[in-house]
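The values are calculated or read from the model by the stated rules, or taken from the named source; none is laboratory data. Given the structure is predicted, the values throughout are model-derived calculations rather than measurements. All Cβ positions, even for glycine, are placed from backbone atoms using ideal geometry, and neighbour counts span all protein chains on display. Note: accessible area is taken over every heavy atom of the protein model, side chains too, but ligands, DNA and RNA are not part of it. Shrake-Rupley method; radii C 1.70, N 1.55, O 1.52, S 1.80 Å.
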Amino acid sequence: MTTSAPVRLALVAAAIGIVWGTVLPWLGRCSVIRRHVAAMELREVNPAAMVYTELDRLPIRPAWVEDRVILWP
């Protein structure tokens, strides 16, 4: 039995809604997450910006990529 695209879309949207509305808030109430959030707020760290501020310390791509992949023949 196959399901139609609108039904699959509705199921995916419902799954995302359940995760967003129940699972993530539940995780936010866990003591480990609360301690991490409190530590970030104490240091005035914006968690949304952490990824971007750490980019200068990361290599653009791993060294093995340079050895194995030829980008321009």
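Between residues in the range 2-13 that are without any contact (Cβ under 8 Å) to a residue 60 or more places away in the chain and residues that are part of a helix (DSSP H, G or I) and open to solvent by 70 Å² or more (accessible area, probe 1.4 Å), which pairs lie under 9 Å by C-beta distance while being six or more apart or on different chains?
Thr3/Leu11
Can you tell me which of Val32, Val23, Val19 is exposed (fewer than 10 other Cβ atoms within 10 Å of the Cβ) and at pLDDT 85 or above?
Val32
Of all residues in the range 41-57, which are modelled with pLDDT of 85 or more and assigned to a helix (DSSP H, G or I)?
Glu41, Leu42
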